[in-house]
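Structure, as structure tokens:
Each reported figure results from applying straightforward, stated rules to the coordinates on display, with no laboratory input. Because the structure is a prediction, the values reported are computed rather than measured. Every residue, glycine as well, gets a Cβ built from its backbone with ideal geometry; the counts of neighbours run over all protein chains shown.
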Amino acid sequence: MRTRSFLACVVAAALAALPAAAETPRGLIRGTGDLGIVIERANGGVVVVDTTTQTRLYAVDQLGDLSHASAVFSRDGRHAYVFGRDGGLSKVDLLRGEVAKRVVQAGNSIGGAISQDGRIVAVANYDPGGVRLFDADTLAPVSEIAARDAGGNRSKVVGLVDAPDDKLVFALYDAGEIWVADIADPARPTVVRHRGVGQLPYDGILSPNGRHYVAGLFGEDGVALLDLWQPGAGVRRILDGYGRGQEPLPVYKMPHLEGWASSGELGFIPAVGRHEVLVVSLTAWTELGRIPLLGQPVFAVARPDGRQVWVNFAHPHNDAVQVIDVPTRSIVATLRPGRAVLHVEFTPRGEQAWLSVRDADRVDVYDTRRLQRIAEISARKPSGIFFTARAGRIGY
């Protein structure tokens, strides 16, 4: 009996000594598949949320300037890497509700990506330009890709995405170029440059299958397309002059290419300075039609099954969200959540749409079948919403 009691004590002590790697502050052991974060831009923090119960779990503050923030996730969905406008890179533990690590790596950054194998976090910088690579575990610096034009001048980097085969793809805003970096050896990345892309590529997106990189052009009506399966063919211009013959409208907020909606072989693309989305063939890359909208679109986001596309708008129509029915290419609902709807994010299977309503200090949750609000969550000046389902997607 004494031996048995002694062994029981040893086992209990050993279990108590194990690291509580999967415990939340409330002592709950859980997975991460229904978690996400909401950026609270006013106070430089995030709210960790549960999409199953539509609740906020806890707030994580002191993440710097999040006025234009984005995030990617570790492969297991436990950690969010938050990119701040002040050059901050923060690693947030979603289970513990705390900052695991934070570094300020530049003067001004505009987003980032995580490598295909999850080992490297890359940050796109405005100031001093270029892309910096960090160890995803420790956030220790690994290497830097200096972005310079043909004359040696630094360029802002935008539209940074991860791509298959250990690649990163990004655009040089000032130089009008698209670069493909091979980071199989992250300490010594190699770069292929594609020049003559067009004027002022302001953002980029990767197709869901990881084949095509598309860069929007702020300086002209058109889009630049790079086929990563046939990189030797160079960059191709598509949708050239889609606003030809029309007087350009003032652009109050640039469309975000991350919000280019993909539904099967169709793409729904916000037209810069237009009150419409372009319907595009994702195989021929030609325009198939246009859908008139209430105002200038910012995000056009497809429900995961591709049946609906939800669109939000720039000022003065930023209190509205319009829902497009893909089969009929028609507007089936105009929702009015409140002023400054900044972002739309769907739950992994698409039964909910989460909308950040900045000026109301809340996030609205909508049932996407009934198109009705079913919950709201308080958040201080919310903007971006990011769910851990992104961890398993290419180009996020």
Taking a ≥ b ≥ c as the square roots of the eigenvalues of the Cα gyration tensor, with a/c under 1.5 meaning rounded and otherwise prolate when a/b exceeds b/c and oblate if not, the stretch 318-393 is oblate
Taking the Cα atoms only, what angle lies between the long axis of helix 2-17 and the longest principal axis of the chain, rounded to 10 degrees?
-> 30 degrees
Computed from the beta carbon distance with a Förster radius of 35 Å, FRET efficiency for ASP127 and HIS315 to the nearest 0.05 stands at 0.85
Quick one: how many lysine pairs in the chain have C-alpha atoms under 21 angstrom apart, if they're 8 or more apart or on different chains?
-> 4
The chain, Gaussian network, Cα under 10 Å: of ALA175, ALA300, ALA187, the residue fluctuating most is ALA187
Value of relative contact order over the stretch 53-137, rounded to a whole percent, pairs C-alpha under 8 Å and six or more apart | 21 percent
Counting alpha carbon pairs within less than 8 Å and at least 6 residues apart, what relative contact order, in whole percent, applies to the chain?
-> 11 percent
Dipole magnitude of the stretch 104-181, debye to nearest 20 (Cβ charges: Lys/Arg +1, Asp/Glu -1, about Cα centre) | 200 debye
Residue-by-residue Karplus 3J(HN,Hα) for the stretch 73-89, coefficients 6.51, -1.76, 1.60, Hz, glycine and proline x | 10, 5, 4, 8, x, 7, 10, 9, 9, 9, 9, x, 5, 8, x, x, 10
Length gain on complete extension for the stretch ALA184 to ASP367, per 0.36 nm per residue less the alpha carbon to alpha carbon distance?
-> 61.7 nm
Using packing as a proxy for protection, rank 163-169, 325-331, 314-320 so that the peptide with the highest average count of other Cβ atoms within 10 Å comes first.
-> 163-169, 314-320, 325-331
Points 7 angstrom from Cα along the Cβ direction at ASP50 and ALA333: gap in nanometres?
-> 2.5 nm
Looking at GLY88, GLY36, GLN54, which one has the Cα that reaches farthest to the positive end of the dipole of the chain (charges on Cβ: Lys, Arg +1; Asp, Glu -1)?
-> GLN54
So, in Å, what gap is there between the alpha-carbon centers of the stretch 59-92 and the stretch 135-211?
-> 20 Å
Relative contact order for the stretch 266-330 using alpha-carbon pairs under 8 Å, separation at least 6, rounded to a whole percent?
-> 23 percent
Treating the beta-carbon of each Lys and Arg as +1 and of each Asp and Glu as -1, no other charges, what is the dipole magnitude of the chain about its Cα centre, to the nearest 20 debye?
-> 720 debye
Could the peptides 98-106, 274-282 be put in order, highest first, of the mean number of other beta-carbon atoms found within 10 Å of their residues?
-> 274-282, 98-106
Under the rule of -39500 (n - 2.57) per DSSP H run of 4 or more residues, summed and divided by the residues of the chain, what mean residue ellipticity at 222 nm is obtained, to the nearest 500 deg cm²/dmol?
-> -1500 deg cm²/dmol
Give the calculated FRET efficiency between ASN153 and GLU220 to the nearest 0.05, with a Förster radius of 22 Å applied to their Cβ-Cβ distance.
-> 0.60
